[in-house]
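The values are calculated or read from the model by the stated rules, or taken from the named source; none is laboratory data. Treat the numbers as computed from the prediction; the structure is a model and nothing was measured. Here the Cβ positions follow ideal geometry from the backbone for every residue, glycine too, while neighbour counts run over all protein chains shown. In case anyone asks, the SASA skips ligands and DNA or RNA and just uses the protein heavy atoms, side chains included. Shrake-Rupley method; radii C 1.70, N 1.55, O 1.52, S 1.80 Å.
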Number of protein chains: 2
Amino acid sequence: MLKYQEISDEIEKYIEDNELQQGDKLPILETLMTQFEASKSTITKSLDLLERKGVVYQVRGSGIFVRRHKRKGYISLFSNQGFKKELEGNHLTSEAIELEVRKPTKEAAHNLNIDLDDDVYYVKRVRYINGQTLCLEESFYNKSIVTYLNKEIISDSIFNYISEGLGLKVGFSDLYLRADKLKEEEAEYLGLQEGDPKIYVETIFHLTNGQPFDFSKISYNYEQSHFLFQATSHFL
Amino acid sequence: MLKYQEISDEIEKYIEDNELQQGDKLPILETLMTQFEASKSTITKSLDLLERKGVVYQVRGSGIFVRRHKRKGYISLFSNQGFKKELEGNHLTSEAIELEVRKPTKEAAHNLNIDLDDDVYYVKRVRYINGQTLCLEESFYNKSIVTYLNKEIISDSIFNYISEGLGLKVGFSDLYLRADKLKEEEAEYLGLQEGDPKIYVETIFHLTNGQPFDFSKISYNYEQSHFLFQATSHFL
DNA sequence: GAGTGGTCTAGACCACCCG
DNA sequence: GGGTGGTCTAGACCACTCC
């Protein structure tokens, strides 16, 4: 475990455990340096991490403060994988509808950067949150990277399996989001009416070496899908 | 201008100018160090910035590579302000519908962290992209921070005025996003039908010192609003 | 002006990729 | 094993805030 990671985690845990609120002041840099026996740069790196996670904000000449958003029940779209632990008390399950090896569509081949006669795993599933339909998901996995999948795996967390089971390292993803109307088939799976709104997301996941391995098309149930984004201007 | 900022900008410009594509390799760290006469840490910081902006990805033991997303016409929701220059050739205008000083709603007061008898600027406007309606926006500005607004300012870029004109420093924002159905009045402003989908976003903007100064409620035209998010797993 | 965070450097050492 | 990024340190100096 990296030192700055550990420190970052500890500080976050400290905030959680003591239920600190927005605006509460954390110890100053120097204190943290001695407390964690780390150099200034390392502490700074830990704090930058927390700042990007939306946990703290730093004010030059003043101090380090706790940042809290005010709403519960919102899903943070970013994370190592698709979702975040922020789902706290929420129960996430999946129902597999389809799973097979096939040739990619033109669209999938283009997004995965493979040929039309390469193999992909095609996965279709409905995901539930606390028993409610959350989304309908169609995914294409580059089979030369994700070499094996079965029903059991895709009913659980695919990304867990990919990193733990296959030892692959997920690097970055491009996520395209818009709203649209539900088609009849989608509405049926989600338990909504045709023409109802949906949030429609396409995502391309890449390994750390830049290779795309997963192209997914997801239609979200608009009643269940509340997303949170926390931005910090000087990181952009 | 900070050194790491400058270097970051120059590298980005270099990529643009030479139309480098996804996977193209950049010079190695040592080359960049001598070329920009900077230390390793500074170059690293520049590259981290670019990585978070989705411009490059770094592979340990291998090199630094260009990252490109494949789609045009998507808006990056993050930036110093509401939008990004990524709007490249796109023309963004605003039509002011309402502008007045008033008392905040309970909701606005809560989100801005002020009292019900404090003053806010209430701004309502429709924003257009290339002549099409993009969104309907209602904003509440804490008047003790944003001390003055007029029709001219709000027809242009409010955030530009806030940072340049008022000298305020925007720090971070919380953004809540979901889909819903358009109400009659909203549909009218956007030129759509009642019941059509919308992307509905509420945002709270804070100064660098953590003070919230803007609470906005925005309904996006689903036909025009395509959002792009670029995530990098190890920054979360 | 004291307190506090941010930038930048030089250099040591570690970890991963690839031929 | 050579090439290349990533982590970490100690310390100098700068910039902002707040009393």
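At-a-glance table
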quantity: Residue count for segment B:88-121, restricted to those that are of a type outside the set (D, E, K, R) and surrounded by fewer than 20 Cβ atoms within 10 Å (Cβ to Cβ); calculated: 15
quantity: Lone unmet requirement of (1) within 11 Å of DNA strand C (Cβ to nearest atom); (2) farther than 25 Å from residue B:111 by Cα; (3) of a type outside the set (A, V, I, L, M, F, W, C); (4) facing chain B (nearest Cβ under 10 Å) for residue A:5; calculated: (1)
quantity: Boolean, residue A:192 is outside the structural domain of residue A:130 (by TED's automatic domain parsing) and over 19 Å from residue B:177 (Cα atoms); calculated: no
quantity: Of all residues making up segment B:9-54, the number that are part of a helix (DSSP H, G or I), within 24 Å of residue A:211 (Cα to Cα) and open to solvent by less than 60 Å² (accessible area, probe 1.4 Å); calculated: 12
quantity: Positions within segment B:157-210 being within 16 Å of DNA strand C (Cβ to nearest atom) and more than 7 Å from chain A (Cβ to nearest Cβ), in sequence order; calculated: B:169, B:206, B:207
quantity: Residue selected from segment A:31-80 under the condition charged (D, E, K, R), more than 16 Å from DNA strand D (Cβ to nearest atom) and more than 9 Å from chain B (Cβ to nearest Cβ), by the criterion nearest to residue B:170 (Cα to Cα); calculated: A:68
quantity: Checking residue A:167 against (1) part of a strand (DSSP E or B); (2) at pLDDT below 95, the condition it does not meet; calculated: (1)
quantity: Output for segment B:15-30, where each listed residue is more than 13 Å from DNA strand D (Cβ to nearest atom) and within 12 Å of another protein chain (Cβ to nearest Cβ); calculated: B:21, B:22, B:23
quantity: Residues of segment A:52-63 satisfying the condition of being near DNA strand C (Cβ under 8 Å from one of its atoms), touching a strand residue (DSSP E or B) at 6+ places or on another chain (Cβ under 9 Å) and of a type outside the set (Gly, Ala, Ser); calculated: A:58, A:59
quantity: Residue match in segment A:217-226 (condition: assigned to a loop (DSSP other than H, G, I, E, B), more than 30 Å from residue B:59 (Cα to Cα), within 14 Å of chain B (Cβ to nearest Cβ) and among the aromatic types (Phe, Trp, Tyr)); calculated: yes
quantity: Residue list for segment B:201-236, restricted to those being more than 23 Å from residue A:67 (Cα to Cα) and either among the acidic types (Asp, Glu) or under 15 Å from the mean Cα position of the chain (by Cα) (or both); calculated: B:218, B:220, B:223, B:225, B:226, B:227, B:228
quantity: Total residues in segment B:175-214, condition within 19 Å of residue B:124 (Cβ to Cβ) and hydrophobic (A, V, I, L, M, F, W, C); calculated: 9
quantity: Residue that is farthest from the other protein chains (Cβ to nearest Cβ), among those in segment B:141-151 that are loosely packed, with under 13 Cβ neighbours inside 10 Å and within 15 Å of residue B:98 (Cβ to Cβ); calculated: B:151
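Okay, residues lined up against (1) acidic (Asp, Glu); (2) within 30 Å of residue B:235 (Cβ to Cβ):
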{"site": "A:174", "(1), (2)": "yes, yes"}
{"site": "A:179", "(1), (2)": "no, yes"}
{"site": "A:186", "(1), (2)": "yes, no"}
{"site": "A:189", "(1), (2)": "no, no"}
{"site": "A:198", "(1), (2)": "no, yes"}
{"site": "A:204", "(1), (2)": "no, yes"}
{"site": "A:207", "(1), (2)": "no, yes"}
{"site": "A:212", "(1), (2)": "no, yes"}
